[in-house]
Structures are given as structure tokens and as C-alpha cells.
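Report on the structure given below.
Readers should treat all values here as calculations from the given coordinates under stated rules, not as data from a laboratory. Note that this is a predicted model, so its numbers are computed, not measured. Note that each Cβ is placed from the backbone with ideal geometry, even for glycine, and that neighbours are counted across all protein chains shown.
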Amino acid sequence: MGRRRPYSLVLIGARKEEARTKYLAFLAGRANRPSRIGTNGNRPASVALGIEPFGRDLPTGVLARASASVDALTAFSDSISVTGRVKLAPGTTRTGYTAAAADTDFLKIADFTPARVIRRTYESATATPRPSEITGLIYGYRKSKSLSAPIGKENATDTLADALTEAVADIETANGLVQVFLKDEEV
Amino acid sequence: MHWIEPALPQLFLTPDHNRSDIATELDANTVRQEMIKGYFLGTISGEAVDDCLAMQGINPHAFWEQVNQNVDELIAADTTEFEGLEKLLNHDPNLAAGALNQLDRGLLYPAV
């Protein structure tokens, strides 16, 4: 059994607390990190989507309202884990996707957030050493881009496991540069 | 995007896995996701999360490094559209006050 690095628990705790504090501060709009803001270009446009929740039945003609960025929809346009599980607003078109029936309403459902498939693509398989801005500790940095799309039931018997089986198939040809994540549905 | 996305561990699946493997990984994913959410909400200790990650074969140190990196990239991209934000903010009055101020100013808003 390998010996644990001295102070390793302290280091883990520092990185964990750094992540939490930094993220919550950002979410609360209190972060003051102007040096990098805007360096990745403009914010991508968002598209309204309709989904059928896995864990809740909706009346006919109603879908739960969700959203994804244009970039994400483009990236997932050839992924059957997503394309069959979301609907565009009635009357709209986008390559790879289908629109909901003309009289369908997209409604915000209280306390519901959809399951999301997340695909993170790394630019390189090799990490670059980089110091943490808060702890000063060196860690391996790999530039990546993360895109996510909501998913719902494709049909009455569809499950999250079905969606995941299809999502994981996307990794097969990615040469280790792609990771897949799943955010559970909250009903 | 949902606010938890930068803090999700990757799925340990390959196209070779069978349906039973996928179901098992789905359950494991749900458990660690709820633990990590609890840590950000302040209802679960960080040590408990690390124990959970370690039990599932995830190195906590490497995981939190990755979360830090993800958060940095999210901040750099000036991301402002988040799902589930109300639930997170409702757990911390101070956080909620700051964020609601941003909401009022149209700088930070729920996605749907």
C-alpha cells in the first residue's frame, strides 16, 4: 500500500474549499477576476427546447421548458443520445433536430431541472503544469470546452440508461480527448 | 447549463460496458452528484464527499483540481445562465442577497 503524501489531506481540503468559495462567489456576482473575463469570446446564444421528463408525466400538448446553447446543439446534432430527446419550438428548424407539434406549449415546471448530457472536449492529451492562483500549488492543466444539452424521454419506455448508452458511444472515436458526464433530472 | 456541471465527476463507462454496468454507474453517479451538491449547499461536509469519491475510485485531489479548472474556465467565459440557481441560493442567505442583487440588475439569471 502506497504511503500518502505528507499533508495530502490538507492540500485536498484547500483545493476543495478554493473551488467552492470561488464558484459561490462567482455565482453571487462577487468575484473580482477581470483579467480573464471575456477572453473566450461572446456568450453563446441560447435556444428554448421542450422535453418530456423521465420522472414526471405531463399532459398532452405540454413539454417541460429547457434550454441549450447554439454551440451545444450544433455539437450534439449528430448524437442520438440528444437529438431524439429534445424538441425545438414549434415551427423552428435546426439540423439534426425535430420541432414539437404545432400546438405544443413549453412550460417551466416548478422545481424541475432536466437531466443533461455534458461533453467535455480537451484540446490536448497532455497536461501543462500550472500554479493555483490561491494555493500556489502546481496542478496539471488541460484546456477544455464543455457543452451540455438537456434530455428527456424519447418515448414511453425510454430511460436514462438508454440515453447514457447512446451518449457513451460518442466517446468511442474521440481518442481519449472527450469525457461524458450526466447531470441527473431533478423532479 | 446547470450550476453543478463544473463539479461533476466523469462517468466511468466505455462503449464496451453492458446494460448492468451502465445501471450501476448511473446509481453511483447519482450518489456522488447529491454529495457534491450537498457540499456546495453547505449541508454535507467536504470530508464526506472525499470519502464517497474515494470509495468510487475517484482521486479527490485530482477531482478538485479539475473542478477548480472548470470554474476558472466558466468565469473566463463570463457564463451567466444557470439552471437550478434558486435552489442553491435559497440555502445561503448571504449568497442569495448578493445573487438576487445581480438578478435584479439582469447580470445573472436562471436559464428557464
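Sequence-distant or interchain residues sharing an amide H contact under 5 Å with B:D78, placed H: which?
Those qualifying (amide H under 5 Å, at least 5 residues apart or on another chain) are A:G38.
Using only Cα atoms, what is the ratio of the radius of gyration of region B:1-54 to 2.2 N^0.38 Å? Intermediate values should be presented prior to the final figure.
On the way: Rg = 12.4 Å, N = 54, 2.2 N^0.38 = 10.0 Å.
In units of the 2.2 N^0.38 Å rule of thumb, it is 1.24.
Where does the charge balance sit around A:G140 when Lys and Arg score +1, Asp and Glu -1, over other residues with C-beta under 11 Å from its C-beta?
Numbers: positive: A:R130, A:R142; negative: B:E65.
Counting the neighbours of A:G140, the net charge comes to +1.
Using 12 Å as the cut-off for backbone N distance, which residues of region B:1-25 belong to the label zone defined by a point 7 Å from the Cα of A:A127 along Cα→Cβ?
Taking a point 7 Å out along Cα→Cβ of A:A127, no residue of region B:1-25 has its backbone N under 12 Å.
Work out from phi, with θ = phi - 60° and the Karplus expression 6.51 cos²θ - 1.76 cosθ + 1.60, the ³J(HN,Hα) of each residue of region A:57-72, listed in order in whole Hz, and give x for Gly and Pro.
8, 10, x, 4, x, 10, 10, 6, 7, 9, 8, 8, 6, 4, 4, 5
Using the Karplus equation 6.51 cos²θ - 1.76 cosθ + 1.60 (θ = phi - 60°), what ³J(HN,Hα) coupling, rounded to whole Hz, does each residue of region A:115-130 give in order, writing x for Gly and Pro?
Running phi through 6.51 cos²θ - 1.76 cosθ + 1.60 with θ = phi - 60° gives 5, 9, 8, 10, 10, 9, 10, 8, 6, 9, 7, 9, 8, 9, x, 8 Hz.
Please go through region A:65-141 and write out the trypsin sites (Lys or Arg not before Pro) that DSSP classes as loop and that have at most 13 other C-beta atoms within 10 Å. Write out the running numbers ahead of the final one.
Values: sites: A:R65, A:R85, A:K87, A:R94, A:K108, A:R116, A:R119, A:R120; in loops: A:R85, A:R94, A:K108.
Passing sites in region A:65-141 are A:K108.
Quick check: residue separation of A:A45 and A:V62 times 0.36 nm, minus the Cα distance between them. What number comes out in nm? Before the final figure, lay out each step's value.
Values: separation 17, 0.36 × 17 = 6.12 nm, distance 2.41 nm.
Length gained, A:A45 through A:V62: 3.7 nm.
Would you mind checking which residues have amide H under 5 Å from A:S67's amide H? H placed 1.01 Å from N; only 5 or more apart, or other chain.
A:L49
Along the Cα→Cβ direction, 7 angstrom out, place labels at B:E81 and A:A101. What is the inter-label distance in nm?
The two pseudo-label positions are separated by 2.8 nm.
To the nearest whole number, what is the average tally of beta carbon atoms from other chains within 10 Å of the beta carbons of peptide A:54-67?
Values: counts 0, 0, 0, 0, 0, 0, 0, 0, 0, 0, 1, 2, 3, 5.
That average works out to 1.
Amide H to amide H, which residues 5 or more places from B:E83 or on other chains are under 5 Å from it, using H placed in the peptide plane?
B:H2, B:W3, B:A111
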